[in-house]
Amino acid sequence: MKIFRKSVLFFLLVFLLGISFYWMPFILIRFKKLDFTHTVLYTIATKNTCSANSEEEKVLQLYTYVCKKIKKPNYKQNYDTTILGFNGQHLYSGLGFCDEQCNTLLALANTIDIQGRLLFLFGNDSISHHSVCEIKIANHYGMFDPFYKIILKNSKGQIASTQEIIDLPRLLDKIEIPFGISDSDYRHLFGKKYPFKIVKYNRIVQLPDEKKIHAIYTSWYAIFGEAGRKRLFDYYYSRNQIQQKDQKRIEKLFL
């Protein structure tokens with residue numbers, strides 16, 4: 001009988017802890033503690049890399065996602081929103097130029113602890129006309145150009161860095177120059193006259209409380225997945241009076 005009671009108490013305790021844990025992110029939203037932008041970006045990054053078998057695959061999947069979701073705007077298009085903050089605003093709008101696409105890719109990578117940096121290319125001009133990003137994979141920085149959708153491989157099969165492309169311009173012979181720029185203009189971006197500049201790294205310093213909150217959601221999403229995430233976001237939308245059109249635009253990011 002004592003063993004039975006202990007078993008019942010144990011399972012009851014586990015059940016209560018599980019219920020308490022389930023409600024934790026809802027409570028964080030209730031008290032405006034949950035960083036919604038980070039939560040959205042982390043969930044997108046995790047959902048889109050769940051099938052990856054390596055860090056390179058993860059980065060390639062995030063790169064593909066950004067190329068798919070963010071297109072070059074025309075100057076008549078304008079979306080003014082703060083719902084997803086600076087790092088998520090171009091995913092929300094679906095529009096962005098080269099630096100904005102790169103910043104989004106770097107922000108997504110950062111949420112799953114992948115390091116990267118934003119670069120301004122100069123080449124044969126003293127003024128930068130294009131931005132790319134480099135992401136660190138197996139201790140090697142590889143260049144990603146989501147605006148022109150270009151990735152190059154070096155002789156080792158790694159994604160080539162910007163410096164490798166500058167040192168070995170024949171790597172550019174392997175690409176089909178995208179629409180919107182001439183072959184010579186793209187090559188000039190990797191000229192040696194004016195070196196590229198590293199503008200920023202994507203590693204963001206988090207306060208201890210922020211780390212704890214993000215860790216809670218990371219564990220919570222691993223357990224409750226997309227079904228839980230949808231209910232959580234519905235609660236966030238309700239608490240913060242997010243309009244239907246904005247809800248639909250955010251939810252499309254998960255399709």
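The values are calculated or read from the model by the stated rules, or taken from the named source; none is laboratory data. All values derive from a computational prediction rather than experimental measurement. Using ideal geometry, Cβ is built from the backbone for each residue, glycine included, and neighbour counts are taken over all protein chains shown. Ligands, DNA and RNA are excluded from the accessible area calculation, which covers all protein heavy atoms including side chains. Shrake-Rupley method; radii C 1.70, N 1.55, O 1.52, S 1.80 Å.
Can you tell me how many residues within segment 98-112 are in contact with a strand residue (DSSP E or B) (Cβ under 8 Å, 6 or more places away or on another chain) and either open to solvent by less than 10 Å² (accessible area, probe 1.4 Å) or not polar (S, T, N, Q) (or both)? Talk me through it step by step, then tell me what you get.
Looking only at segment 98-112, we keep the residues that are in contact with a strand residue (DSSP E or B) (Cβ under 8 Å, 6 or more places away or on another chain), and these are 98-99, 102-103, 105-106, 109-110.
Those still in the list that are either open to solvent by less than 10 Å² (accessible area, probe 1.4 Å) or not polar (S, T, N, Q) (or both) too: 98-99, 102, 105-106, 109.
The total comes to 6.
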Working only within segment 27-46, note down all residues that are in a helix (DSSP H, G or I), more than 15 Å from residue 113 (Cα to Cα) and open to solvent by 20 Å² or more (accessible area, probe 1.4 Å). 27, 28, 30, 37
Note on segment 26-72: residues basic (Lys, Arg) and over 19 Å from residue 150 (Cα atoms) are 30, 32, 33, 47
Among the residues that make up segment 113-129, is at least one of them farther than 30 Å from residue 218 by Cα, in a strand (DSSP E or B) and open to solvent by 20 Å² or more (accessible area, probe 1.4 Å)? yes
Which condition does residue 207 not pass, out of (1) loosely packed, with under 15 Cβ neighbours inside 10 Å; (2) among the hydrophobic types (A, V, I, L, M, F, W, C); (3) modelled with pLDDT of 95 or more, if it passes all the others? (3)
If a residue must be open to solvent by less than 50 Å² (accessible area, probe 1.4 Å) and without any contact (Cβ under 8 Å) to a residue 12 or more places away in the chain, how many such residues does segment 145-158 contain? 1
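Looking only at segment 131-144, count every residue that is open to solvent by 10 Å² or more (accessible area, probe 1.4 Å) and touching a strand residue (DSSP E or B) at 6+ places or on another chain (Cβ under 7 Å) and tell me the total.
Our first condition is that a residue be open to solvent by 10 Å² or more (accessible area, probe 1.4 Å); within segment 131-144, this holds for 136-141.
With the extra rule that they be touching a strand residue (DSSP E or B) at 6+ places or on another chain (Cβ under 7 Å), the set shrinks to 136-137, 141.
So the count comes out to 3.
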Touching a residue at least 12 places away in the same chain (Cβ under 8 Å), at negative phi and of a type in the set (Gly, Ala, Ser), is that true of residue 180? no
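Does residue 230 satisfy being modelled with pLDDT of 95 or more, open to solvent by 70 Å² or more (accessible area, probe 1.4 Å) and under 17 Å from residue 42 (Cβ atoms)? So that I can check it myself, show each step before the final result.
Numbers: modelled with pLDDT of 95 or more: yes; open to solvent by 70 Å² or more (accessible area, probe 1.4 Å): yes; under 17 Å from residue 42 (Cβ atoms): yes.
Against the criterion (modelled with pLDDT of 95 or more, open to solvent by 70 Å² or more (accessible area, probe 1.4 Å) and under 17 Å from residue 42 (Cβ atoms)), residue 230 qualifies.
Would you confirm whether any residue within segment 159-180 is of a type in the set (S, T, N, Q) and open to solvent by less than 50 Å² (accessible area, probe 1.4 Å)? If you could, list the steps in order and put the result at the bottom.
So the first thing to find is which residues in segment 159-180 are of a type in the set (S, T, N, Q), and the list is 161-163.
If we keep only those that are open to solvent by less than 50 Å² (accessible area, probe 1.4 Å) as well, we get 161-162.
Scanning segment 159-180 turns up at least one residue that is of a type in the set (S, T, N, Q) and open to solvent by less than 50 Å² (accessible area, probe 1.4 Å).
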Residues (buried (at least 21 other Cβ atoms within 10 Å of the Cβ) and among the basic types (Lys, Arg)) located in segment 47-66: 58
What number of residues within segment 47-67 satisfy the criterion of being farther than 20 Å from residue 223 by Cβ and assigned to a helix (DSSP H, G or I)? 13
